[in-house]
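Would you mind keeping the following structure in view while I ask a few things?
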Amino acid sequence: MTAIILLGPPGAGKGTVAEELARKGYGHVSTGELLREQIRQETPLGLAAKERLAHGKFVSDEIVVGMIRDLLEHAKAGQKFLFDGFPRTMVQAEEFDQLLQSLEGTLDEVILLECPDDVIVARLSGRRVCPVCGAVYHVEHNPPDTPGICNLDGSELKLRKDDAPETVKKRLRIYRERTAPLIDFYKNKGLIHAVDASLSIDQVRRAVIERLG
Ligand code: AP5
């Protein structure tokens, strides 16, 4: 099994890039989406995580690493995974290393999506998501065919609770405190490749695909 990580602040476009790579055969693993699915299904894990997500706080390392362990232990040999939003603390990064080692997997590359805060705030205020299938749109940069309606299942699009401006500021602060240290961690392993994520969706997707080949 091989792994690629998409690292970057909230709203940098990790999910948008991952959607394209999933079409190229990568298994897309978004811990945010896995957690939102638990919330939609009202599982005990989802009920425990719901308030933390709404307020932009991280879910515990134990829960998140547990979800990833379950997933990887059931993976097929030779599968390629793309991690979006995981790991995002030093504990998660270290535990992920150990998990890959124990499963004889390798981490091939960490793509760092770099994007200034003002661009992020504009992106997240225009983001609309499908509450049923999780598809992501932007009112200007990636609009649905019919305004406010999901192309895939016709549901009414919503704002994500954690995209309220005050919550976005908090998420950016937490990213700097708890996730940004991973940049040096992976730089020291020679795995980081930075991409300018403030460019258009097509340009960013192309830059990542060219890099991964
Ligand atoms: P998660 O869902 O992972 O949120 P995030 O990391 O904050 O990232 P986002 O989904 O907000 O942004 P993105 O980078 O994917 O951007 P997107 O492609 O959508 O996590 C949510 C929560 O779950 C966390 O806050 C935490 O509570 C919990 N959680 C998750 N993982 C965890 C973990 N490992 N540990 C602990 N807790 C965890 O793009 C944003 C918008 O911009 C869209 O509208 C898109 O259409 C648009 N757009 C994208 N790219 C471009 C571009 N190049 N140009 C113009 N517009 C663009």
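When a/c is below 1.5 the answer is rounded, else prolate if a/b is larger than b/c, else oblate, so apply that to segment 1-151 with a ≥ b ≥ c taken from the square roots of the Cα gyration tensor eigenvalues.
Details: a/c = 1.63, a/b = 1.40, b/c = 1.16.
It comes out prolate by the Cα gyration axes.
My understanding is that a pair violates if its Cα-Cα distance is over 30 Å; which of K24/K187; K50/K169; K50/K187 do that in this structure?
Numbers: K24/K187 26 Å; K50/K169 19 Å; K50/K187 33 Å.
Correct reply: K50/K187.
Next up: Mind ordering 81-87, 123-129 by average Cβ neighbours within 10 Å, highest first?
Values: 81-87: 23.0, 123-129: 19.9.
Ranked by mean Cβ neighbours within 10 Å, highest first: 81-87, 123-129.
GNM on the chain, C-alpha springs below 10 Å: top fluctuator among V119, V168, V195?
In this elastic network of the chain, the residue with the biggest mean-square fluctuation among V119, V168, V195 is V119.
A further question on this structure: At a 1.4 Å probe radius, carbon and sulfur cover how many percent of the accessible area of the chain? If you can, show how the numbers build up before the last one.
Values: 5610 of 11130 Å².
That fraction is 50 percent.
Pop a pseudo-label 7 angstrom from the Cα along the beta-carbon direction at both D70 and R211 and give the gap in nm to one decimal.
3.1 nm
Just grab the label-to-label distance for T146 and H55, each label 7 Å out from Cα along the Cβ direction, in nm (one decimal).
Those two pseudo-labels are separated by 3.9 nm.
Between P131, P116, P147, where does the largest GNM mean-square fluctuation fall for the chain, given springs only between Cα atoms within less than 10 Å?
P147
Which aspartates and glutamates, on any chain, are close to K161 with Cα under 17 Å apart, when same-chain ones fewer than 8 places away are left out?
Cα-Cα hits under 17 Å: E33, E37, E42, E51.
Using label points projected 7 Å from each Cα along Cα→Cβ, tell me how many nm separate Q101 and K80, to one decimal.
Spacing of the two 7 Å Cα→Cβ label points: 2.6 nm.
To continue, here is another question. Counting heavy atoms of the protein chains only and a 1.4 Å probe, report the per residue accessible area for the chain as a whole number of Å². Please report the intermediate quantities before stating the final value.
On the way: 11130 Å² over 213 residues.
Heavy-atom accessible area per residue stands at 52 Å².
If you build a Gaussian network model of the chain, linking Cα atoms that sit under 10 Å apart, which residue out of L199, L172, L21 swings the most?
Comparing L199, L172, L21 in a Gaussian network model of the chain, the most mobile one is L199.
To continue, here is another question. What does the extension gain come out to for V91 and K161, with contour length at 0.36 nm per residue minus their alpha carbon separation?
Contour length minus the Cα-Cα distance gives 22.5 nm.
The values are calculated or read from the model by the stated rules, or taken from the named source; none is laboratory data. Note that the structure is predicted; figures quoted are calculated from it, not measured. Cβ: placed from backbone, ideal geometry, glycine included. Neighbour counts: every protein chain shown. Keep in mind that these areas ignore ligands, DNA and RNA; they rest on the heavy atoms of the full protein, side chains included. Shrake-Rupley method; radii C 1.70, N 1.55, O 1.52, S 1.80 Å.
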